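Let me begin by presenting the structure, written as structure tokens, before commenting on it.
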Amino acid sequence: MAERPYHHGRLRTELLAQAERTVRERGVEALSLRELAREAGVSHGAPRRHFADRQALLDALAEAGFARLGAELRGAVAGAGEDFRARLSATAAAYIRFATRDAALLELMFAGKHREPSGSLQVAAEEAFAVLFELIEQGQAEGALQPGEPERVGLVLFATIQGIAALVTGGMIDAGSLDALVADAIAHFLRGSRTAV
């Protein structure tokens, strides 16, 4: 049998897309460069021209995940108009949709972020979460949120929406009640922030 060719115009993009599908359907443990090469129809060594090893593939996948998360959060903000509460609700819902649709990818993203405290993966994570901090700053400027460090206030919001996502992915609450739960969480967050000392 002839060796399959390396040449493939968009191999890196295809490998990342296939890796994301594998993570979504079968988990991170199922990822293998050799298997991805087979699925892409290239030689088993071809992926190494783009990813030195499996960990490099995982890091690139995590970075791409943060870029997509950031784009989805920014899209939610842009689609909600100028009202702070509407923006906050839309962004929280967008995050929870991402987190419940791609729970294994999100776990990989956070693991990679902590393993690599600097570099392009960290930059991608910071850019994604900058959306939340910008919203917190808007809420503070409008008096809807208490003054203070946006990162600290944002962490409370993030913990809340991450917790909701974990409850959905863990099967503890029905995804059908998600919109009402997000609305309640945002209402409690806003009320608590205004009265905090």
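Below, the figures for the structure above:
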{"item": "Residue within the stretch 79-101 that is acidic (Asp, Glu) and under 22 Å from the mean Cα position of the chain (by Cα) present", "result": "no"}
{"item": "Output for the stretch 125-155, where each listed residue is within 20 Å of the chain's Cα centre (by Cα) and of a type in the set (Asp, Glu)", "result": "GLU126, GLU127, GLU134, GLU151"}
{"item": "Residue within the stretch 96-103 that is exposed (fewer than 15 other Cβ atoms within 10 Å of the Cβ) and in a helix (DSSP H, G or I) present", "result": "yes"}
{"item": "Unmet requirement for ARG85, which otherwise passes all of (1) closer than 30 Å to ALA183 by Cα; (2) at pLDDT below 90", "result": "(2)"}
{"item": "In the stretch 130-160, the residues that are assigned to a helix (DSSP H, G or I), touching a residue at least 24 places away in the same chain (Cβ under 8 Å) and either buried (at least 18 other Cβ atoms within 10 Å of the Cβ) or polar (S, T, N, Q) (or both)", "result": "VAL131, LEU132, LEU135, GLN138, GLY139, VAL153, GLY154, LEU157, THR160"}
{"item": "Candidates VAL153, VAL168, filtered to the one that is closer than 17 Å to ALA99 by Cα and out of contact with any Gly (no Cβ under 7 Å at 6 or more places or on another chain)", "result": "VAL168"}
{"item": "Residue within the stretch 56-76 that is touching a Pro at 6+ places or on another chain (Cβ under 8 Å), at negative phi and either part of a loop (DSSP other than H, G, I, E, B) or of a type outside the set (Lys, Arg) (or both) present", "result": "yes"}
{"item": "Total residues in the stretch 161-187, condition open to solvent by 70 Å² or more (accessible area, probe 1.4 Å), at pLDDT 90 or above and under 17 Å from SER89 (Cβ atoms)", "result": "1"}
{"item": "Check on ALA111, in a helix (DSSP H, G or I) and open to solvent by 10 Å² or more (accessible area, probe 1.4 Å)", "result": "yes"}
{"item": "Residue ID - farthest from GLU134 (Cα to Cα), chosen from residues in the stretch 77-86 that are part of a helix (DSSP H, G or I) and among the aliphatic types (A, V, I, L, M)", "result": "ALA86"}
{"item": "Every residue from the stretch 16-44 that is among the β-branched types (Val, Ile, Thr) and either assigned to a helix (DSSP H, G or I) or exposed (fewer than 13 other Cβ atoms within 10 Å of the Cβ) (or both)", "result": "THR22, VAL23, VAL28"}
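The values are calculated or read from the model by the stated rules, or taken from the named source; none is laboratory data. Source: prediction; values computed, not measured. When we count neighbours, we look across all protein chains shown, and the Cβ atoms used for this are built from the backbone with ideal geometry, even at glycine. Protein only, heavy atoms only, side chains kept; ligands, DNA and RNA dropped before computing areas. Shrake-Rupley method; radii C 1.70, N 1.55, O 1.52, S 1.80 Å.
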